[in-house]
Amino acid sequence: MQLQEQANRLYRTALAYLGNPQEAEDAVQDTFLKFYEKAPKNLDNPAAWLTRVLVNQCRDRLRSPQRREVPLWDALPVSGPEEREELEELFSLPPEDRTVIHLFYYENYTTEEIANILNVRPGTVRSRLSRARARLRTLLKGESG
Amino acid sequence: MKYYKQYMDRQALSPEFLEKLQNRRPRPKSHWRQWAALAACCVLLAGVGAWTISRPVKTPPVQMPQVVEPVPEKEKIFVLPQLAFRDNTVSKRDSTLDDVAAPAPLAPEPALAPSQYEPVSQAQVAEPFGGEIPEILGWGDCEILSRAGEADDSCLYVSGQAQDFSFDLAVQEGEIPDLASEGGEITQVCGVDVAGVKQAEDTYEISFMTPEGSGVFYRVKGEDGPERASALVWALLAPKGD
């Protein structure tokens, strides 16, 4: 996969996690630096490795007391009220839950793959998904999985 | 999700950012700098040598011998970081059937059967510590075993058993069992967030990500668990030379 494609994929995941474009860019940059310097030589699945490192980066950033919350739709404008409504609904979830939703519905990862990326048990992913689904009934209307 | 997907599809990194990312790729090391540095050193040495030979010789003035007080070697001050631990034993005691909002305690992994362990070389265990197991860890009397099939270049999963304590250590590139998101207490050590949980009266767990990108999980069972956990944090995070 090309660098551009990978970087944009990671950027969107970081946006979903952090909800802040500047922080998302920083997380992507740090992830690639780690990849260049530290990635094991024979990676079976570089995309999953990158996502795992990115999620850890995002987690660390969320813990920083200096971080400033900015609604994502203010920083990256929406094209209409429907988009805004869906984003507001999704961003009302805790970061870990909306990341699971993003990886499952947007990136089309399976629950096992997400568990591997987030380093949690598959059962934890499934419970996060069902908890998020319960809160996002309108948003997920018509989605399968 | 239609509008969310539509929105995310539009989000992309700028070409300038991507170019910057591309330029951060490590380049093959060129040796010309090393040769230039070596040549500069040679020139400097030759210059100093020539000056020493050509300078006029002065007779040193006669001096009475002086007693020189030996300067005591600077004593090394060694302070272990004080780690904080979320006390899961308290939440377990306090929780009732009605208390559904209480955070779920972290369940320790079930112990593996002895047949699921295999010997591991000292070199493999020492690798995360730069090639030598630090004495401060107190692993000298431990029998250290690896989980069968789980030790490779990017992952180390070992367990140790001594008379008065035992431990499990996992070190894995880019991965970390996340005690922090499960409510572990955070202590910052050398700029790294170390999450700690006290799982039982004598069982302590910590996890953190090293600046090099290795996830570390350490579980110590023993009376002096917090100190042993601190020692591991120190061994992996303290600036080298301390």
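Nothing in this text is a laboratory measurement; each read-out follows from the coordinates by a stated rule. Because the structure is predicted, anything quoted here is derived from the model rather than measured. In this analysis, Cβ positions are derived from the backbone assuming ideal geometry, glycine residues included, and neighbour counts consider all displayed protein chains.
Key figures
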| read-out | value |
| --- | --- |
| Gain upon complete extension [A:Thr110, A:Gln22; 0.36 nm per residue less C-alpha separation] | 28.8 nm |
| Semi-axis lengths (Å, descending) of the ellipsoid that matches the C-alpha gyration tensor of region A:49-113 | 22, 18, 10 |
| Gyration tensor verdict on chain A (Cα atoms; rounded if a/c is under 1.5, prolate if a/b is larger than b/c, oblate otherwise) | oblate |
| Three-way shape call for region A:1-58 based on the alpha-carbon gyration tensor, with the a/c threshold at 1.5 | prolate |
| Student exercise, region A:11-145 dipole from Lys, Arg, Asp, Glu Cβ charges, in Debye to nearest 20 | 560 debye |
| Selection of trypsin sites (Lys or Arg not before Pro), region A:46-145, meeting DSSP coil and at most 14 other Cβ within 10 Å | A:Arg67, A:Arg68, A:Arg137, A:Lys141 |
| Vicinal HN-Hα couplings computed from phi for region B:185-192 (Karplus, 6.51 cos²θ - 1.76 cosθ + 1.60; Hz; Gly/Pro x) | 6, 9, 10, 8, 10, 6, x, 10 |
| Inter-chain shielding of B:5-18 (mean C-beta neighbours from other protein chains, 10 Å cut-off) | 6 |
| Label-point separation in nm, A:Val70 to B:Glu16, each point 7 Å along Cα→Cβ | 1.5 nm |
| Tail fraction, Cα-Cα pairs, region B:159-231, threshold 15 Å, whole percent | 51 percent |
